[in-house]
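Beneath this line is the structure, given in structure tokens, with notes to follow.
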Amino acid sequence: MNFIKRPWVWVITIIVLLGLWVIGAYNNFVSLNASIDGQWAQVEVQYQRRFDLIPNLVEAVKGIFKQEQAVFDAIAQARTQYVGAKTVDEKASAASNVESAFSRLLVIVENYPQLKSAENVTRLMDELAGTENRISVERRRFNELVTEYNTSVKRFPGTVFASLFGFKERVLFQAVTGAAQAPKVQF
């Protein structure tokens, strides 16, 4: 009964409730915005992991090519010497070089059925593939948060509060143009 006699209590109650509702809406936008920023940081962590792995992968691949190149160069050079040899002594010497080069190849193959650097490349490729999967997951999570935020910004009455407090739509992560086509790799 006292409420009916005192309308200012109703006005104050309504103003307080509206104020709490506005504060809640504002805090919701702040929380969603912070979640998006945090998720983007996770995407960047995975990008950094990728950028850290790539030079190691490149060096390991260079190592394979150096190992193989040295052996194959020795075999090719010895073969060329044998083909170009005119005398028996030159052919015998060239044949020894061919056998020496082949024996080095056989020792490498026997001692290292899988070249150490090939194992490194395989391991690094697996890590890189795992990192790419992590990046994909983090991007998806980022897009989910941005979608939730953008929906809140667009939906009424959120759109009123968003414009009042300066919250704008955020951009979704999108693949670059041409990403649907696989790159061509040639050796």
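If you take the residues of the stretch 43-89 that are under 26 Å from residue 134 (Cβ atoms) and among the aromatic types (Phe, Trp, Tyr), which of them is modelled with the lowest pLDDT?
Per the stated criteria, the residue is 51.
Residue under question is residue 117, and the condition is that it be modelled with pLDDT of 75 or more, among the small types (Gly, Ala, Ser) and at negative phi; does it hold?
Criteria not met by residue 117.
Is there any pair with a first residue in the stretch 20-33 that is without any contact (Cβ under 8 Å) to a residue 12 or more places away in the chain and a second that is outside any helix (DSSP H, G or I) and buried (at least 16 other Cβ atoms within 10 Å of the Cβ) whose Cβ atoms are under 9 Å apart and which are 6 or more apart or on different chains, and what are they?
So the pair list comes out as 30/167.
The values are calculated or read from the model by the stated rules, or taken from the named source; none is laboratory data. In this text, all values refer to a predicted model and were calculated from it rather than measured experimentally. As a convention, Cβ positions derive from the backbone with ideal geometry for all residues, glycine included, and neighbour counts pool all protein chains shown.
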